[in-house]
Each structure stands twice: as C-alpha cells, then as structure tokens.
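So the structure is just underneath, and the comments pick up after that.
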Amino acid sequence: MQDKRFSRSEFLALSSLLAGSTLFPSRGDAAPDGGVAPVRAAGSTTPARAPAGGVAVPAQPSQAEFEQLRRGCTASLTAGSTADDGAEYVRIGEWMQRQKLSSDVYGNGDFVQAFEKRIADLLGFEDACFMPTGTMGQLIALRIYADSSGVRTVGVHPSSHHVMHEDDSYAVLHQLRAVYLGPWTRPLQAEDVAQAKEAIGTVSLELPVRWLGGQLPTWEQLAALKRTCRERKVKLHMDGARLWESQPFYGRSYADICKGFDSVYVSFYKMVGGIGGAMLVGNRDFIRESRVWRHRHGGNLYQLAPYVASAAMRLDPALAAIPGYVQRAKAVTTLLAADPRVTVLPQPVQTNMFHVFLRGTPGAYSRQRDRIAREDKVWVAGGFGQTRVPGVVSTELQVGEGLGRISDADAARAFLRLLEAS
C-alpha cells in the first residue's frame, strides 16, 4: 500500500502555489461547505469537476437529507447551530417580552438605538448603525470613503470577502476597483500598503483572515499597518466578521484592537449565533451618512427589533465562551497535528477556527463524514474543497457551542476516522 503521509514542510512548500493569481476567483467563487474556493477550469463559469471515467458515482444526498443527517448529530466541529429554527424564533419573542421591549419603526426605537450605542462603546467608537447584512454595511463604508476622497481604489487581501463572496458588488454597484495587496499566504501588512504601485483610497482589512484558517497579524504588525495608513491618509476599514474570536490572541480590549481603524463591521450571526444582522461603527458624521446609504440600499427594514433582540440576547454568553473555545481549538488541533497524515493551518491556531489539509478526494471524505455522522453522531466537517495542490483537499473547522460536552480527545478521534477511507 502506498504511504500517503506527507510532512508539514512538504505541504507548505507545495502550498506556495496558493499565492498564484490563478486562484483569484470570478463571480461567486466559494466552497459551499468549507475548504478552499473551488478551482475553475479554463474558460468555465462553474467549478471544475473530475470526469467520471465511466465509473458510477454514488448519488449525492439531497439538501434535506444532508440537513437531517447534520441535525441528528449531538456534536459538531463546524460553525452553525443545530437548534430548531422555530424554537429559536419563539425564544426571541419570549426574551423580548421578559425584557418588556417595544419594537421599532425603521430602526427608530429605544431598544435598537441603545444596542447600537452599546456596540459603539464596546468597540471604542462614537456611533453605530445596525445593518441587515455585513455585505451591505461594508459596501456603504467603502462608498462613503470613495466619495469623500475621490479615490475609488480599495486595497484588499486576495482572499477578501469583497472579491470572493459578493458577486463583484463593490464594482457593479459602486464603481470601485479592488487592488490586491500582498500574497495569499499571509495576512495583509504595512509593507503591502507602502509598496502599492498605485494610489489607494481605502484599505479593507479582514481580522482574522478566514481563508488562512483564522490567521492574524501580530500586534506589532497591526500597529504598523494602522500607522502606515494614517501617514498616507488612507482610510482603514476592518472586516471584523470574526473580530469577536480575535480578542484572546491579542489579549486586549475590543476598543484597543479597533483603535486606529476609521470604521469596523462586526457580525451577529457568525459566532454570536443570531438570526442575522451586523453593525457598522465609526464617528458620528460617518454613521449619519451610513444611515442614508442603508436606506438607499433598501436595508431600512420596517422592524429591526427581532434581529437586534436575537443579537442582544446572545452576545454576552457568546463573548464569555470564546476564550474557552480557543483553548479547546488548540487542544483539538494538537491532537490532529500529531497524526502525520494531517496538516493544520495555522499551527498553533490563533482563534477557534482553523483549516485541515488531507490527501485524498472530496467525494471520498464526504461519504466517510456521513458514515461518522450516522455511527458516532459527530459532524466532523461541512465540506471538502480541492486545493491547488494535486491530491490535497481542505476543510474548515470551528470549535464552538456545537462541540457540546464531547471531549477534545473524542472530537479528534472522530475526525481522524475520516482517514479510514483515505
């Protein structure tokens, strides 16, 4: 039998291919359930698929069957809740009744405005505006800065959400242009801004970088980036979709982390577990203009209170639990990385999310995942993406509420059962 083990140094050498421009996506490129963005065939508008070669391919489960299998598990190594949606909506209503909260009209209401003020204070800013989606909030920030400066270029990491997951909305809706800064293989740094070959009006920094397994710049690197943008009069916006999970790495308050940014967006469904929604924070004039743009985007919903309540009732418990999740992620990844057939990125992990790389094919691992779910009741992965390295796939994992009371050793053991099929 062929030895399928590979060393970390071998993988890291191979993964330098990830920095190649061939990985830059066209519209809508993203792995649906985890892993890296799918590789496209030349001239194709859909992810490339290996030919069947005349061999019968097992039927894929329907979405309903997929969800039933996932929800039947008692523990999960992926993001997302297995809670019944209907029960969650009832819980939100009951929480609002206990708090004696009145609803809002187009965001105007004491409860919504008090929550906006709370998040602004938590992140160290003057004001905040609740947004139905993070995509909307970030587009608004970039548009305001472009109109103010007259410079319509936005510096981004090659894996930025703006270019990977928004159907080119920054260009189509706001006539902005993305400038890739730095290589794929590390977070954006000050030198990338300083060495940019064209004028940049705004830099949008993802903290942490999702497609690098939650990697973060060091505190010194982050300070240097803030300083460089300030000196060059470049607006610095934070894509803080996972900012909450970054705090244990820096060991500083959220306000200290955000200091030096002109604006920040945070999510309330990622990690917090709310039904949706986001917050955009900045100075008062910026937020005043953001509210106008929220209306122009069609995001001024008649009632925002249900979304705000979902975030408000979950926020404190979620933030309190994150340090424990990060510690568990470190323990689980240490166990996984001890197997020479597994590569974890980053190692050691910096947040509670990380990527795992394995030799094999996405289909084989997906079938084994389903088998583990049926037999062990542990959901060990969402999906598996083909990387640019031939024969190597990746999956994205996140330690959170879904891991429940299962031990770290049992979680690692369940995941390593994937290799029984490799």
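Of all residues in segment 311-330 being surrounded by 17 or more Cβ atoms within 10 Å (Cβ to Cβ) and among the small types (Gly, Ala, Ser), which is farthest from the chain's Cα centre (by Cα)?
ALA312
Confirm whether ALA414 is at pLDDT 95 or above and assigned to a helix (DSSP H, G or I).
Against the criterion (at pLDDT 95 or above and assigned to a helix (DSSP H, G or I)), ALA414 qualifies.
Residues in segment 353-365 that are farther than 14 Å from VAL342 by Cα and crowded, with 23+ Cβ neighbours inside 10 Å: how many?
Matching residues across segment 353-365 total 1.
May I ask you to list the residues in segment 348-373 that are under 21 Å from GLN247 (Cα atoms) and either assigned to a helix (DSSP H, G or I) or free of Cβ contacts under 8 Å to residues at least 40 places away in the same chain (or both)?
Residue satisfying the conditions is PRO348 alone.
Let me confirm something: among ALA141, ALA128, which residue is over 30 Å from PHE66 (Cα atoms), outside the structural domain of VAL380 (by TED's automatic domain parsing) and outside any strand (DSSP E or B)?
None of the other options fit; the residue is ALA141.
Output the number of residues of segment 378-405 satisfying the condition of being at pLDDT below 95, surrounded by 21 or more Cβ atoms within 10 Å (Cβ to Cβ) and aliphatic (A, V, I, L, M).
Of the residues in that region, 1 qualify.
Is it fair to say ALA311 is closer than 30 Å to ALA411 by Cα, small (Gly, Ala, Ser) and in contact (Cβ under 8 Å) with a residue 24 or more places away in the chain?
Against the criterion (closer than 30 Å to ALA411 by Cα, small (Gly, Ala, Ser) and in contact (Cβ under 8 Å) with a residue 24 or more places away in the chain), ALA311 qualifies.
Any residue in segment 166-176 that is touching a residue at least 24 places away in the same chain (Cβ under 8 Å), touching an Asp or Glu at 6+ places or on another chain (Cβ under 6 Å), crowded, with 22+ Cβ neighbours inside 10 Å and of a type outside the set (Phe, Trp, Tyr)?
Within segment 166-176, none of the residues are touching a residue at least 24 places away in the same chain (Cβ under 8 Å), touching an Asp or Glu at 6+ places or on another chain (Cβ under 6 Å), crowded, with 22+ Cβ neighbours inside 10 Å and of a type outside the set (Phe, Trp, Tyr).
Can MET271 be described as in contact (Cβ under 8 Å) with a residue 24 or more places away in the chain and within 20 Å of the chain's Cα centre (by Cα)?
Yes: the conditions hold for MET271.
Looking at ARG291, ARG252, can you tell me which residue is surrounded by fewer than 21 Cβ atoms within 10 Å (Cβ to Cβ), modelled with pLDDT of 95 or more and within 23 Å of GLY201 (Cβ to Cβ)?
ARG291
Counting only residues that are in a helix (DSSP H, G or I) and buried (at least 19 other Cβ atoms within 10 Å of the Cβ), how many does segment 146-163 have?
Counting residues in segment 146-163 that are in a helix (DSSP H, G or I) and buried (at least 19 other Cβ atoms within 10 Å of the Cβ) gives 4.
The values are calculated or read from the model by the stated rules, or taken from the named source; none is laboratory data. What you are looking at is a predicted structure, and each value in this text was computed from that prediction instead of being measured. Glycine also receives a Cβ, built like all others from the backbone with ideal geometry; neighbour counts cover every protein chain displayed.
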